[in-house]
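Here's the structure, in structure tokens; my notes come after.
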Amino acid sequence: MNTHIKSRHMILQRAFSRTLVFLFFAGCYLAGAQQTFAQDSKELVADVARLIGDDNRARLLIEFNNEPKVSIRYLDTPYRIVIDLKKTKFNFLPEDLEPRGILADLRYGSMSDVSSRMVLTLKQSAVLESEELQELEDGRYRLVLDISSAPESVFESILTDQKWDSRPKSGKSSRVLLSGKQDTNTFVIVLDAGHGGIDGGAEGRNGTSEKKVTLAFVLALRDALADLGDAKVVLTRDSDKFISLASRVQIARREHADLFISVHADSIRQRNLRGASVYTLSQKATDAVTESLAESENLTDVIAGLQIEDASDEVTGILIDLARRETKQFSESVADQIVGSFKGQVQLINNPHRRAGFRVLQAPDVPSILIELGFLSNLTDEKLLSNPEWRSKAAKLLAQSITDYKSVVMQSR
């Protein structure tokens, strides 16, 4: 090989080597940029969780795919530590955070379309001893919370000094449609799917969640009401979101609703008890089972970390306003119509029209009822409540009752 050819060959080799080096580093740069973009754009996911502890201490570890922004607050009666996050997808197994030791309960879920929450219910007075956010490999993060028992005076001091906004922040929502002045030619129905988000409600013996059952039924009822004509149907929630009891009442009032229907499916210790029931508001429960159900439903806000006394002035003292006989009579009337339509078609409990102090029924100027579709603690009811055909049948019967009630109301205008 002559000198000219050898020189040219070396130049080509160097050029080729430099090109490979350039492509290598360019590839690294692009891969890094792509990874950074992916990390910035992906939703927050908690996919690993562990809980260890005893009667005096507990350590909670949660791993996220991205950096979480954590806000921690305290609540009492019972003692609770509340962890607020931006909207998070919880992908770990429920048994990974099975309550133990100092923790009596641990719940987590969405509060709105932009936020999520974890609520740690304590068996005794305890405080967060340390909070650490560790950056792991591949852009992951681990949140480590150490909780230890503390005197009540210490807990109360933290509780008093903290800044607490009990109203959950929410992003865009289509569930509240402000109508302004009521159109007397339009019949407004507000359908309320019980529970949602962090508050799953009752759970069936086979794991059926009340919040899913109620939403599925409300959507079926909305479809059944589609042919009602000159009627407006509003849902308090159309997805898995948490809504406070006070907010549900306020939605009905802002909509100038002609009828508010709250749908539930509870669970009790008497596993042989099954069947639907309809409730109207009363300060006194008609029986022990009714009183127990009302107490359970009225704790929804407590489960989510809200204080019951934080309800608006519109709702506080609402029972005084319920002296308005017309509203009460309308509620009683529609409840009896629904019971009548269900007889022989949908299994009912004994004395299916009952009365109790459900907070969600406390709008003073809106006829309101609460329907218990059945009991998830009963295997037969649980199976029916999960059956789309049964839901459709029951929804159509209920829609017919609402149609009959609407006719009476519209004739009186």
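Numbers below:
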{"quantity": "Pairs where the first residue, in region 362-381, is within 18 Å of Ala399 (Cα to Cα) and the second is surrounded by fewer than 23 Cβ atoms within 10 Å (Cβ to Cβ) and aromatic (Phe, Trp, Tyr), C-beta under 6 Å, 6+ apart", "calculated": "Pro367/Phe330"}
{"quantity": "Single residue of Leu379, Leu384 found to be modelled with pLDDT of 95 or more and touching a Phe, Trp or Tyr at 6+ places or on another chain (Cβ under 6 Å)", "calculated": "Leu384"}
{"quantity": "Ile189, sole failed condition from (1) within 30 Å of Ala220 (Cα to Cα); (2) at pLDDT below 90; (3) crowded, with 16+ Cβ neighbours inside 10 Å", "calculated": "(2)"}
{"quantity": "Single match in Arg248, Arg253 (criterion: of a type outside the set (S, T, N, Q), touching a Ser or Thr at 6+ places or on another chain (Cβ under 7 Å) and closer than 24 Å to Ser112 by Cα)", "calculated": "Arg248"}
{"quantity": "Region 219-245: number of residues that are open to solvent by less than 10 Å² (accessible area, probe 1.4 Å) and part of a helix (DSSP H, G or I)", "calculated": "1"}
{"quantity": "Cβ pairs under 9 Å, 6+ apart, first in region 93-115 and without any contact (Cβ under 8 Å) to a residue 24 or more places away in the chain and farther than 15 Å from Arg50 by Cβ, second among the hydrophobic types (A, V, I, L, M, F, W, C) and exposed (fewer than 13 other Cβ atoms within 10 Å of the Cβ)", "calculated": "none"}
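The values are calculated or read from the model by the stated rules, or taken from the named source; none is laboratory data. All values derive from a computational prediction rather than experimental measurement. Positions of Cβ are backbone-derived with ideal geometry, glycine not excepted, and every protein chain shown enters the neighbour counts. With ligands, DNA and RNA removed, areas are computed over all heavy atoms of the protein, side chains included. Shrake-Rupley method; radii C 1.70, N 1.55, O 1.52, S 1.80 Å.
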